[in-house]
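Read the structure below first, then the notes.
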Amino acid sequence: MNQMHVEFNIPALLGTQAGLTPENASEQTRRMLALFLYEHGRISLGKACELGGFNQWEFAEMNRELAIPLTMREEDLKEDLARLANV
């Protein structure tokens with residue numbers, strides 16, 4: 001699988017205010033990006049879970065906490081149904 005490496009610096013105070021620590025900054029930033037891209041319709045629910053390292057229950061809980069509505073596009077539903085048919 002091809003991957004893209006993204007690296008950037010943020011001021012320490014801003015990171016602290018955002019609840020980031022050197023130990024969790026990469027993981028938390030990846031999760032926030034997944035939530036943001038999902039909220040703005042850029043990626044599907046499944047891809048957001050994959051990017052953020054969430055299972056669907058954890059993702060739903062994060063969306064609830066942040067008041068991000070869960071939406072399911074028709075193609076997401078079809079993918080889920082196809083996956084279930086192969087189980």
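For the chain, give the percent of accessible area contributed by carbon and sulfur heavy atoms, probe 1.4 Å, rounded to a whole number.
That fraction is 58 percent.
Would you work out the charge dipole size for the chain about its Cα centre, treating the Cβ of every Lys and Arg as +1 and the Cβ of every Asp and Glu as -1, and quote it to the nearest 20 debye?
Using only the charged Cβ atoms, the result is roughly 120 debye.
What are the ³J(HN,Hα) values, in whole Hz, obtained from phi via the Karplus relation 6.51 cos²θ - 1.76 cosθ + 1.60 with θ = phi - 60°, for each residue of segment 37-43 in sequence order, with x given for Gly and Pro?
Taking θ as phi minus 60°, the curve returns 5, 5, 4, 9, x, 8, 9 Hz for segment 37-43.
Among Gln17, Gln56, Gln28, which one shows the biggest mean-square fluctuation in a GNM of the chain, springs joining Cα atoms closer than 10 Å?
Gln17
Considering Cα pairs under 8 angstrom that are at least six residues apart, work out the relative contact order of the chain and quote it in whole percent.
20 percent
Please express the shape of the chain as an equivalent ellipsoid: the semi-axes are the square roots of 5 times the eigenvalues of the C-alpha gyration tensor, given largest first in whole angstrom.
Over the Cα atoms of the chain, the ellipsoid semi-axes are 28, 15, 11 Å.
Given the options His40, Leu77, Leu20, identify the residue whose Cα lies farthest towards the positive end of the charge dipole of the chain (+1 on Cβ of Lys, Arg; -1 on Cβ of Asp, Glu).
His40
Would you kindly derive the ³J(HN,Hα) couplings of segment 3-8 from the backbone phi angles with the Karplus curve 6.51 cos²θ - 1.76 cosθ + 1.60 (θ = phi - 60°), listing them in order in whole Hz, with x for Gly and Pro?
Rounded to whole hertz, the list is 10, 10, 9, 10, 9, 7.
The values are calculated or read from the model by the stated rules, or taken from the named source; none is laboratory data. Quick caveat: nothing in here was measured; it's all calculated off a predicted structure. For neighbour counting, all protein chains shown are included, and Cβ atoms are generated from backbone atoms with ideal geometry for every residue, glycine included. Calculation scope for accessible area: heavy atoms of the full protein, side chains included, ligands and nucleic acids excluded. Shrake-Rupley method; radii C 1.70, N 1.55, O 1.52, S 1.80 Å.
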